[in-house]
Amino acid sequence: MWQVYFKELTELLRDKKTLIFVILLPILIFPVLFGIVGLVMATTTSKAMEEQHRYVIVNEQQAPEFAEALFYHKNFKKVETTLSTEQELIAAIRNEEFDVALVIPADFANRKAAVKQTEWQLIYNRSSQLDFMYNYFDEMLKTYTEELQRGTLSQLGVDPTNLTAILKPVELTRVNTAEQRENIGESMGAILAYALVLLCLSGAMYPAVDMGAGEKERGTLETLLICPVSRTAIVLGKFLTVLTTALMTALITVVSLGVWGGIISAFADLSKVSEALASITIVDLMLMFSLLLPTAAIFAALLLAISIYARTFKEAQNYMSPLTILVIVPLMIAMAPGMELDVTTALIPLTNIALAIKELLKGTADYGLLALIFASTTALAAALIAFCVHWFQQEKVLFR
Amino acid sequence: MIEIKGLAKAFAISKGNKLSDTEKQDVRYSEKAFHSVRDVSFQCGSGEVLGLLGPNGAGKTTTLRMLSTALKQDSGSVFINGIDVLQKPIQARKEIGFLSADTGLYGKLTAFENIAYFARLHGMKEAAIKTRIDELFTLLDMHNFANRRVDTMSTGMKQKTAIARAVVHSPKVVILDEPTTGLDIMTVQTVLDFIKSLKTQGTPVIFSTHHLDEVGALCDRVVVIDKGLSSFSGSLEQFKQLTPDGDLRQAFLAVIANQPEQGAA
């Protein structure tokens, strides 16, 4: 068995595709992802924040203080117009004559004096994902209305020292009982589990294809079968190699994530993230690894069985493609809002692993449930390994 | 000593597969199975070289696969030096050196690594492996490409490596499936010389081939397989006597022409 294992490993390490999928991809995937997402976000945000919006204001004489504040805002540029109806303004925005129109009612000053509520209209194209413009208006309007409120209340003879309490009698302060780690675990845990499990699968896929269907196609399998070694030893040697590559992929990914996460935290001054990550103990990491071990074994046994059955490399890849979707579904279930780890979900393959990893990251894992997940996943892995060994004894499979 | 008696092997035909008109005419096809080997018997003693002849698809490779324990026969028996391959396949494999029609080498390993890997699978110790490989490299003139990766080798180099791999454990019997196909003249000569050396050592050798000149030069015995039956089994002299002028090609064609369409030979 070990002779087969070491030989398969040697061959894989000399294969460029394996090096790319097992080592290079996991090392580069996170920095590349962080880099691309960060770059796109930074560029888009910066562009949106620096953008100057052309505006028109209808009946500005009704609210001169607000019109003045808008005039001096760095993100706005006034455009003169004689248009006043809603349809005319919409048509002009669609023709890109200006970007936004603020319509103040013609009787605003009178209604204000009579202490009556008025509705203003903001007309603009809301298709942009980053709606900074509305935020600018909202902020300015908040300041303006607060000034109006203070003015009106003063006119009504209210003591100026009580104004703040009258305007906002209740201030709600949020006290979060969740630790920083819990928050990060909740938001990142499922995604990390998703990435880890899928990387285990992708790390196992190519070696499995190569060691089953690949051997058939190259004609080396027959030579191996006539050596004085039991077929169980051969298939276990191959299984261990696939398992090793799957775990290596996951391990390299975790290390890469840790290293790049650390670098990014340092540069971005994300001290809370760093503190939260630092609170994850070595025991938590070992528990995560111990859950990934039988998961990777399931993939290794399943993929090897498929590969052994296939006549060619291409046929094996065709059989394996739907498997990726079958793996994604239970992982997506784990990411659904409200999904919690309990005795039922602990018995759903892959969903249980994803939920367990999330709980471990949050620091709220129930060790009894973890033991149940480990036992059920190991039992499934053992059954699949037994099937793979049985499969490898079948002539109709080996010599199709 | 290799003894084969009444060997037969059938492969199931998938339910969806419909037989072509040609296949319907072939006695080896039934609705459910393809009877690749129906009844093959022969013997090969110490120091004998047995040439296994037959048209393409006659059942030669399936017969050799059963001999090498890669496939299990449905009926009949195979004994390698008295060991029943069905009862004790692992023990039988220790006795056999098998070269398949494909070279069966790992492209990303060197010649040395390929041979050493199979030597280890045969339970050889590291020191013995080095000595034996060095001996084979000299015998097959392989020292100049010992550390070259197989996927960069010529066909001849690969075949020499495959032969060395097949005999690294000093097998008691050697089975070669078309060992000279696609090789240049020089490499063919090396392979033939190697078979002669095995014969000199008293090792029984079975080799399948389409080259009748090789049969004439090397073989003591000839077996012709056609449509899964051993149509001829005898000495080279007996094979030659099938035609008046002793021409091997004519003898082969005569055996094939006399093959009965139905039933066992």
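Brief remarks on what is shown
- Taking residues in the range A:206-235 that are over 17 Å from residue A:388 (Cα atoms), and partners anywhere that are buried (at least 23 other Cβ atoms within 10 Å of the Cβ) and basic (Lys, Arg), the pairs with Cβ atoms closer than 8 Å and at least 6 places apart or on different chains are A:222/B:65; A:223/B:165; A:226/B:93; A:227/B:93; A:228/B:93.
- Note on the range A:352-400: among residues that are part of a helix (DSSP H, G or I) and among the β-branched types (Val, Ile, Thr), the one that is surrounded by the fewest Cβ atoms within 10 Å (Cβ to Cβ) is A:397.
- Residues that are charged (D, E, K, R) and within 26 Å of residue B:64 (Cβ to Cβ) do not occur anywhere in the range B:136-144.
- Verdict on residue A:313 being within 14 Å of chain B (Cβ to nearest Cβ), surrounded by 16 or more Cβ atoms within 10 Å (Cβ to Cβ) and over 18 Å from the mean Cα position of the chain (by Cα): yes
- Helices (runs of 4 or more DSSP H) wholly inside the range A:1-117 that include at least 1 residues being assigned by TED's automatic domain parsing to the domain that holds residue A:236, of a type in the set (Ser, Thr, Tyr) and surrounded by 15 or more Cβ atoms within 10 Å (Cβ to Cβ): A:2-13
- Filter pass, residue B:57 being more than 14 Å from chain A (Cβ to nearest Cβ), on the phi > 0 side of the Ramachandran plot, modelled with pLDDT under 90 and in contact with a Lys or Arg (Cβ under 7 Å, 6 or more places away or on another chain): no
- Filtered residues of the range B:94-114 (kept if more than 14 Å from the chain's Cα centre (by Cα) and either within 21 Å of residue B:205 (Cα to Cα) or not in a strand (DSSP E or B) (or both)): B:94, B:95, B:105, B:106, B:107, B:108, B:109, B:111, B:112, B:113, B:114
- Pairing each residue of the range B:83-97 that is more than 9 Å from chain A (Cβ to nearest Cβ) with any residue that is of a type in the set (Phe, Trp, Tyr), provided the two are 6+ apart or on different chains, yields C-beta distances under 8 Å for B:85/B:79.
- Selected residue [surrounded by fewer than 24 Cβ atoms within 10 Å (Cβ to Cβ), of a type outside the set (Val, Ile, Thr), within 10 Å of another protein chain (Cβ to nearest Cβ) and within 30 Å of residue B:152 (Cα to Cα)] from B:108, B:72: B:108
- Among the residues here, residue B:57 does not qualify as more than 16 Å from the chain's Cα centre (by Cα) and in a loop (DSSP other than H, G, I, E, B).
- Hits in the range A:165-206 - residues which are out of contact with any helix residue (DSSP H, G or I) (no Cβ under 9 Å at 6 or more places or on another chain), hydroxyl-bearing (Ser, Thr, Tyr) and modelled with pLDDT of 80 or more: A:173
- Residue within the range B:211-227 that is in a helix (DSSP H, G or I) and closer than 29 Å to residue B:23 by Cβ present: yes
- Answer from A:364, A:378 - the residue that is touching a helix residue (DSSP H, G or I) at 6+ places or on another chain (Cβ under 9 Å) and under 21 Å from residue A:303 (Cβ atoms): A:378
- Filtered residues of the range B:138-187 (kept if surrounded by fewer than 18 Cβ atoms within 10 Å (Cβ to Cβ) and among the hydrophobic types (A, V, I, L, M, F, W, C)): B:139, B:146, B:185, B:186
- Qualifying positions in the range B:148-186 - of a type in the set (Ser, Thr, Tyr) and within 18 Å of the chain's Cα centre (by Cα): B:161, B:170, B:180, B:181
- Flag for residue A:224 being over 22 Å from the mean Cα position of the chain (by Cα), under 20 Å from residue A:398 (Cβ atoms), within 14 Å of chain B (Cβ to nearest Cβ) and hydrophobic (A, V, I, L, M, F, W, C): yes
The values are calculated or read from the model by the stated rules, or taken from the named source; none is laboratory data. In this text the structure is predicted, and so the values were computed from the model without any measurement. Methodologically, a virtual Cβ is constructed for each residue, glycine included, from the backbone with ideal geometry; neighbour enumeration extends over all protein chains shown.
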